[in-house]
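A.B. asks: Pasting in a structure now, in structure tokens, and then I'll have a few things to ask.
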Amino acid sequence: MFEQELLPSLQTARSRYMDALANLQADELPLKLAPGSNSIGFLIRHIAEVEYRFCLMFFQRPLPSDVSLSTIGPVKDEGNFTDLAALLAICEASYRHLVDSLAALPPEAWDVPCEAPIGILTPRQALGRLIYHMGYHGGQIGLIRKYGGTK
């Protein structure tokens, strides 16, 4: 069910996000639109962490033991996410974890409401929210790459 009905939408959104990261250079990671806003590096890490967290909250998959969530909640970008290779690696790993989680979700679970800190959503609704989240922050990354400069 997932592969035929929902995966194509996720793949399309993901390809647009990856287009925003195309030819990204390490010196772009600290760029921001304005002081106090989030940097490109922070946003890449945040998108990956949210994918992991949604797997935990809605898609019946535990968080890997080696993953920590440091960009979720009331946190401030302290400029810690400047290792391009590490960011691209967690970006890829979180997406693989997400797709594996979604593929393993039983068909009857897709429309069962799940209670989570962000509200009550079915896995189908959560996937829609996750796709929106990736697009929202991917758009921010594109704008920062085009107009940003504040470090």
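A.B. asks: Based on this model, can you work out whether Pro113 counts as without any contact (Cβ under 8 Å) to a residue 12 or more places away in the chain and at negative phi?
C.D. replies: Spelling it out, Pro113 is indeed without any contact (Cβ under 8 Å) to a residue 12 or more places away in the chain and at negative phi.
A.B. asks: Run Leu121 past the list (1) among the aliphatic types (A, V, I, L, M); (2) within 24 Å of Gly142 (Cα to Cα); (3) touching a Lys or Arg at 6+ places or on another chain (Cβ under 9 Å) and report the number of the one that doesn't hold.
C.D. replies: (2)
A.B. asks: Of all residues in segment 116-139, count the ones that are in a helix (DSSP H, G or I), in contact (Cβ under 8 Å) with a residue 60 or more places away in the chain and not basic (Lys, Arg).
C.D. replies: Number satisfying all stated conditions: 11.
A.B. asks: Please count how many residues of segment 116-136 are farther than 14 Å from Gln11 by Cα, crowded, with 17+ Cβ neighbours inside 10 Å and hydrophobic (A, V, I, L, M, F, W, C).
C.D. replies: Matching residues across segment 116-136 total 2.
A.B. asks: Taking the condition of being assigned to a helix (DSSP H, G or I) and either of a type in the set (S, T, N, Q) or open to solvent by 40 Å² or more (accessible area, probe 1.4 Å) (or both), how many residues in segment 140-151 meet it?
C.D. replies: Here the count works out to 5.
A.B. asks: Which one of these does Glu115 not meet: (1) closer than 30 Å to Ala26 by Cβ; (2) more than 11 Å from the chain's Cα centre (by Cα)?
C.D. replies: (1)
A.B. asks: Select from segment 2-44 the residues that are β-branched (Val, Ile, Thr) and either in contact with a His (Cβ under 8 Å, 6 or more places away or on another chain) or free of Cβ contacts under 8 Å to residues at least 40 places away in the same chain (or both) and list them in ascending order.
C.D. replies: The one that is β-branched (Val, Ile, Thr) and either in contact with a His (Cβ under 8 Å, 6 or more places away or on another chain) or free of Cβ contacts under 8 Å to residues at least 40 places away in the same chain (or both): Thr12.
The values are calculated or read from the model by the stated rules, or taken from the named source; none is laboratory data. Computed from a predicted model, the values in this text were never measured in an experiment. Please note: Cβ atoms are built from the backbone with ideal geometry, for glycine as well, and neighbour counts cover all protein chains shown. Note: accessible area is taken over every heavy atom of the protein model, side chains too, but ligands, DNA and RNA are not part of it. Shrake-Rupley method; radii C 1.70, N 1.55, O 1.52, S 1.80 Å.
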